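*Asks:* Okay, here's the structure, questions in a sec.
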Amino acid sequence: MNENTLSAPHPANAHPARVYNVWLGGKDHYPVDEEAAELAARANPTIVPSVRANRAFLGRAVRHLTGVGVRQFLDIGTGIPAAANTHEVAQQAAPESRVVYVDNDPIVLSHARALLVSGPEGRTDYVQADVRDVDAILDAASHNLDLSRPVGLMLIAVLQYIKDAEDPWDITRRLLDRLAPGSYLALSHPAADVTAPEVAESMRIYNERAANHASATPRTHVEVKRFCDGLEILEPGVVTLTRWRPGPTDAPDDTLPMWCAVARKA
């Protein structure tokens, strides 16, 4: 077991950001997170390569958005910092880029404030809020982002933590409603219709160990595409992670059970 860098007291339930940190090979987690991560990965061996492919998709999406002129990003469900974070990718291409990170875990944000340091020409900021708190997020983000200009809304592997009864599609629409025309949505989401039995079992194991508010729901291609209703979905559409504009050395792997897309608000 890896020695983690977090201090006592240890929580009773796993948290998504810390479990994700285990899968990325980090050390910022508790034993309960490591147990959930290891058991879920045992049930579904595609989890770890999916997490890494998801990180690569984030980088490609941010590079594309900076390439079409986006200089502001709202990254909700930040997670514990790892390599190639949103502001690092954006500011490498456009040093003046501004990024607001949002997470509901104070541990995540304490790491973010320490590690996600902007370059001198840009800016990073941090908001502690749940993705469901749409108005609070946008009000806080507006202190550092100009919402009258295009924003890249990053919902990377976060919408699965909103239950169907809480209407994640409406939450996404409300976030986009206050963003300017020309803004973009970049999202990824666990798939219910790719390697379905393994995904269902790994989710069951994870959900048994997570707090109720952090339980996860995989969704089908049709359900994930609904998040882009009313938007212009960029080519190649809603696809598995390695199919979204891969680089020349990226090998396709359609067994990785996550859908992803980038879409533009007209």
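The values are calculated or read from the model by the stated rules, or taken from the named source; none is laboratory data. Predicted, not measured: the structure shown is a model, and the values here were computed from it. With ideal geometry, Cβ positions are generated from the backbone for all residues, glycine too; neighbour counts draw on all protein chains shown. Remember, those area values only see protein heavy atoms, side chains included, never the ligands or the DNA or RNA. Shrake-Rupley method; radii C 1.70, N 1.55, O 1.52, S 1.80 Å.
*Asks:* At 1.4 Å probe size, with no ligands or nucleic acids counted, give the accessible surface of Thr66 in Å², nearest ten.
*Replies:* 10
*Asks:* Taking +1 at the Cβ of each Lys and Arg and -1 at the Cβ of each Asp and Glu, which of Ala61, Ala112, Tyr101 sits farthest along the dipole of the range 47-140 towards its positive end, judged by Cα position relative to the Cα centre?
*Replies:* Ranked along the dipole, the leading option is Ala61.
*Asks:* For Asp125, Asp75, write out the residues from largest to smallest accessible area, computed with a 1.4 angstrom probe and no ligands counted.
*Replies:* From most exposed to least exposed: Asp125, Asp75.
*Asks:* The list (1) 1.04; (2) 0.93; (3) 0.95 gives values of Rg/Rh (Cα atoms, Kirkwood Rh), and only one came from this structure; which label was calculated from it?
*Replies:* Computed from these coordinates, Rg/Rh (Cα atoms, Kirkwood Rh) corresponds to label (2).
*Asks:* Can you give the accessible area of Asp253, probe radius 1.4 Å, in Å² rounded to 10?
*Replies:* The value for Asp253 is about 60 Å².
*Asks:* Would you mind classifying the range 168-235 by shape? Square roots of the alpha carbon gyration tensor eigenvalues, ordered a ≥ b ≥ c; an a/c under 1.5 is rounded, otherwise it is prolate if a/b is larger than b/c and oblate if not.
*Replies:* The shape class here is oblate.
*Asks:* Something else: Which FRET efficiency value, to the nearest 0.05, is calculated for Leu39 and Arg174 with the Förster distance at 35 angstrom and r the Cβ-Cβ distance?
*Replies:* Once the sixth-power term is evaluated, E becomes 0.50.
*Asks:* Continuing with the same structure: Going by the alpha-carbon gyration tensor, a ≥ b ≥ c the square roots of its eigenvalues, is the range 198-266 rounded (a/c under 1.5) or, if a/c is not under 1.5, prolate (a/b greater than b/c) versus oblate?
*Replies:* Taking the square roots of the gyration eigenvalues as a ≥ b ≥ c, the range 198-266 is oblate.
*Asks:* Considering the chain as a Gaussian network with a 10 Å cut-off on Cα pairs, which listed residue, Leu256, Leu58, Leu234, attains the greatest mean-square fluctuation?
*Replies:* It is Leu234.
*Asks:* Calculate the dipole size of the range 136-181 relative to its Cα centre from +1 charges on Lys and Arg beta carbons and -1 charges on Asp and Glu beta carbons; express the result in debye to the nearest 20.
*Replies:* 140
*Asks:* Could you check how much of the accessible area of the range 92-170 is carbon and sulfur, as a whole percent, using a 1.4 Å probe?
*Replies:* Roughly 47 percent, rounded to a whole number.
*Asks:* Distances longer than 22 Å among the Cα atoms of the range 77-169: what percent of all pairs is that?
*Replies:* 27
*Asks:* Helix-only estimate, please: 222 nm mean residue ellipticity of the chain, summing -39500 (n - 2.57) across DSSP H runs of length 4 or more and dividing by its residues, to the nearest 500.
*Replies:* -11000 deg cm²/dmol
*Asks:* Share of antiparallel DSSP beta bridges in the chain, in percent to the nearest 5?
*Replies:* Given both bridge residues lie in the chain, the antiparallel proportion sits at roughly 35 percent.
*Asks:* Rank Glu96, Glu208, Glu198 by mean-square fluctuation in a GNM of the chain with C-alpha springs under 10 angstrom and give only the top-ranked residue.
*Replies:* Glu208
*Asks:* So, one more: Shape of the range 129-266 from its Cα gyration tensor (a ≥ b ≥ c, root eigenvalues): rounded if a/c is under 1.5, otherwise prolate when a/b > b/c, or oblate?
*Replies:* The shape class here is oblate.
*Asks:* While we're on this one: Please work out the average accessible area per residue across the range 158-266, using the 1.4 Å probe convention, and give it in Å².
*Replies:* 44
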